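Visitor: Submitted below is the structure of interest, expressed as structure tokens.
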Amino acid sequence: MLLVVHHAPLRPSSRRDWPTHGLLDGRKLLTLAGNGGAVALCHGHIHARYRLPGPGRLSLFCAGSSTQAGMEGYWVLDVDREGIRSAESVRLQIPC
């Protein structure tokens, strides 16, 4: 199962985001997602692509930016019933 939200439960440092910028209950969301069987929690809002381990089999994936010049990119996830088979961070090469 994949879960998608806009705001980041955690910053790349594994710390909670600022109260005016991120989720106030991000750790609770991670616990619920992990206990509920999710293997990936995908989010945006922070302009850096990163992956963090979560509870159980859960991993967090920040999509990063698809529009900020020089930071364009995305994740390609291969997921099956067993979990995440592979995760590839792709950086777009946009011609100037």
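The values are calculated or read from the model by the stated rules, or taken from the named source; none is laboratory data. As the structure is a prediction and not an experimental result, all values here were calculated from the model. Counting neighbours? That spans all protein chains shown, and the Cβs are built from the backbone with ideal geometry, glycine included. The area values use the complete protein model at the heavy-atom level, side chains included, leaving out ligands, DNA and RNA. Shrake-Rupley method; radii C 1.70, N 1.55, O 1.52, S 1.80 Å.
Visitor: Just wondering, is there one or more residues in the range 69-86 that are of a type in the set (Ser, Thr, Tyr) and modelled with pLDDT of 95 or more?
Guide: Within the range 69-86, the subset of a type in the set (Ser, Thr, Tyr) is 74, 86.
Narrowing the set further to residues that are modelled with pLDDT of 95 or more leaves 86.
Yes, there is a match, as at least one residue in the range 69-86 is of a type in the set (Ser, Thr, Tyr) and modelled with pLDDT of 95 or more.
Visitor: Next question. Would you mention how many residues in the range 2-21 are in a loop (DSSP other than H, G, I, E, B) and either surrounded by 13 or more Cβ atoms within 10 Å (Cβ to Cβ) or among the hydroxyl-bearing types (Ser, Thr, Tyr) (or both)? Break it down stepwise before answering.
Guide: We begin by selecting, within the range 2-21, every residue in a loop (DSSP other than H, G, I, E, B); these are 5-21.
Then keep just the ones that are either surrounded by 13 or more Cβ atoms within 10 Å (Cβ to Cβ) or among the hydroxyl-bearing types (Ser, Thr, Tyr) (or both); that gives 5, 7-14, 16-17, 20.
The qualifying residues number 12.
Visitor: Could you please find all residues in the range 27-58 being in a strand (DSSP E or B), surrounded by fewer than 19 Cβ atoms within 10 Å (Cβ to Cβ), touching a residue at least 12 places away in the same chain (Cβ under 8 Å) and not hydrophobic (A, V, I, L, M, F, W, C)? Reasoning before the result, please.
Guide: Our first condition is that a residue be in a strand (DSSP E or B); within the range 27-58, this holds for 40-43, 50-53.
Those left that are additionally surrounded by fewer than 19 Cβ atoms within 10 Å (Cβ to Cβ): 42, 50-53.
With touching a residue at least 12 places away in the same chain (Cβ under 8 Å) added as a condition, the list becomes 42, 50-52.
Hits for the range 27-58 are TYR50, ARG51.
Visitor: Let me ask something else about it. For LEU24, are the conditions met, namely being among the hydrophobic types (A, V, I, L, M, F, W, C) and exposed (fewer than 14 other Cβ atoms within 10 Å of the Cβ)? Working first, answer last.
Guide: Details: among the hydrophobic types (A, V, I, L, M, F, W, C): yes; exposed (fewer than 14 other Cβ atoms within 10 Å of the Cβ): yes.
Here the answer is yes, as LEU24 does meet what is asked.
Visitor: Of GLY64, GLY83, which residue is open to solvent by less than 70 Å² (accessible area, probe 1.4 Å) and more than 16 Å from VAL4 (Cβ to Cβ)? Talk me through it step by step, then tell me what you get.
Guide: On the way: GLY64 fails: more than 16 Å from VAL4 (Cβ to Cβ).
Exactly one residue qualifies, and that residue is GLY83.
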